[in-house]
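Okay, so here's the structure we're looking at.
The values are calculated or read from the model by the stated rules, or taken from the named source; none is laboratory data. Being a predicted model, the structure only gives us computed values, none of them experimental. Positions of Cβ are backbone-derived with ideal geometry, glycine not excepted, and every protein chain shown enters the neighbour counts.
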Amino acid sequence: MRLLESGEMYLETILILSKKHNIVRSVDICEEMGFSKPSVSRAMSKLKGEKYIIMDKNGYIALTETGRTLAEKIYERHTVLTEFIESLGVDKETAVSDACKIEHDISDATFDAVKAYLKK
């Protein structure tokens, strides 16, 4: 079963936050994404139920192996696509925004071609 774009965004955010801080909590995700506590709570419950994250008794969130693998894939797509779009002359802010939209829908074949193009 494929995770929806919103779920991928949450996983990517958890990955990014975990690189910045030792611990990730729902409140950190709320602040980073600008979402309400109830929205993040529902999302965390769903991601936990689907075994993408684990949450300890203190509310600290960590990615499972499956969650980390997917989050790293999305994050790589985001960074590579941002670089690609910027190389076309697009400003950073627009490139980041557009990459965020594309990263969830681009095929593996097209993404691999973009990576190969950038390596030239």
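Step by step: first the residues of region 49-90, then only those that are over 14 Å from Tyr10 (Cα atoms) and surrounded by 20 or more Cβ atoms within 10 Å (Cβ to Cβ), then the one that is farthest from the chain's Cα centre (by Cα). Which residue is that?
Among residues in region 49-90 that are over 14 Å from Tyr10 (Cα atoms) and surrounded by 20 or more Cβ atoms within 10 Å (Cβ to Cβ), the one farthest from the chain's Cα centre (by Cα) is Ile85.
With region 1-107 as the region, which helices (runs of 4 or more DSSP H) entirely inside it contain at least 3 residues that are more than 30 Å from Leu118 (Cβ to Cβ) and of a type in the set (A, V, I, L, M, F, W, C)?
In region 1-107, 26-33, 37-49 are the helices (runs of 4 or more DSSP H) which contain 3 or more residues that are more than 30 Å from Leu118 (Cβ to Cβ) and of a type in the set (A, V, I, L, M, F, W, C).
Checking the condition within 25 Å of Ala109 (Cα to Cα), of a type in the set (A, V, I, L, M) and touching a residue at least 24 places away in the same chain (Cβ under 8 Å), which residue from Leu81, Leu63 passes?
Leu81
Restrict the check to region 7-19 and report whether at least one residue is loosely packed, with under 12 Cβ neighbours inside 10 Å and at pLDDT below 95.
yes
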